[in-house]
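Below: one structure, written as structure tokens.
None of the figures in this text is laboratory data; all of them are computed from the coordinates on show. No experiment lies behind these values; they were computed from the predicted model shown. Quick reminder, even Gly has a Cβ in these numbers, built from the backbone with ideal geometry, and neighbours come from all protein chains shown.
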Amino acid sequence: MTASSGSARRPSADDLLVLLAVGRSGRFVSAAEELGINHTTISRRITALERTLGGRVLTRVVGGWELTDLGREALVAAEAVDTAVRSIAAGASGRRELEGVVRVSATDGFSAYLAAPAAAQVQRRHPKIAVEIVATTRRASQRRSGMDIEVVVGEPQVHRASAFRLSDYCLGLYGSREYLRENGTPRTLGELSRYPLVYFIDTMLQVDDLDLASSFVPAMRESVTSTNVFVHVEATRAAAGLGLLPCFMADRHDDLVRVLPDEVTVTLGYWLVTRAETLRRPEVAVFVDALRTRVHEHRAMLLGGAG
């Protein structure tokens, strides 16, 4: 009886793999697509696992599902099952071929110039790894559903996640050569009140550090504003005013001139946020390593120097 009872409470490997898929994506639909089964089966297997373990493994959050403490414990076992299954399918060399989807959220400029090249490098080395990049400028989410990695501006305050600083980067004030010819180049901070500013839409800006970045120019009136930093760069190049731009983006354009570099230098930080269990996934770890290498190689450029 005792042995039979113990066997009855042993979680199914299939149920654990379903939990792994849901834990990674935060969504039943995404897990169903990954595993090739339907949404109802996902729900049924999670229910069966919770019955076996005697508690909830997932909790509903805005936009999806998040692991409970019991779910995170079960996820360790799920990862071991996944590793064992994948090892059976290893190639003749005995090496496991990395595969899977890595979902990344990062700011527009970081996505284009740092995350995308890192993703391309990973994909060349590991063709079965796909990287999805969502370009957005926002605070780190308190719920980890949907994204494996977030890159945000400013030190995040998050729970049940790890955060580490990737790099500092610099913002500077830029004008197009055409604009400065027509309107003159400011020589002091006081003269900036005569110039319009190209920057973020104040009422839609979610990131405190980016909001504070423009505090040195409170007298500048708004010109073209946008939630997208590429719009800032192109509006500045089109002579809409002076743009407060990431140096690593603006310095790529010969038609942009940095003004008041000694007086206007704003240093901010890029932070990477992820869960410990997510970072244990080999495909995620490979991408994070490639990203950190890319950032290190371009540190001077990020800080407004040659790079």
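Rounded to the nearest 10 degrees, the inclination of helix 13-25 to the longest alpha-carbon principal axis of the chain is 10 degrees. Charge dipole of the chain (Cα centre as origin; +1 on each Lys and Arg Cβ, -1 on each Asp and Glu Cβ, all else neutral): 1020 debye, rounded to the nearest 20. As a length-normalised measure over Cα pairs under 8 Å and 6 or more apart, the relative contact order of the chain settles at 20 percent.
Bridge orientation summary for the chain: considering DSSP beta bridges with both residues in this region, about 65 percent are antiparallel. Listing Glu33, Glu50 from fewest to most neighbouring C-beta atoms within 10 Å gives Glu33, Glu50. Listed by Cβ neighbour count within 10 Å, with the fewest neighbours leading, Thr225, Thr274 appear as Thr225, Thr274. Build a GNM of the chain with springs between Cα atoms under 10 Å apart, and of Ser111, Ser193, Ser25 the one that fluctuates most is Ser193. Counted by neighbouring Cβ atoms within 10 Å, the residues His296, His232 run from fewest to most as His296, His232. Once you keep just the Cα pairs under 8 angstrom separated by 6 or more residues, what percentage relative contact order results for the range 6-73? In percent, rounded to a whole number, it is 32.
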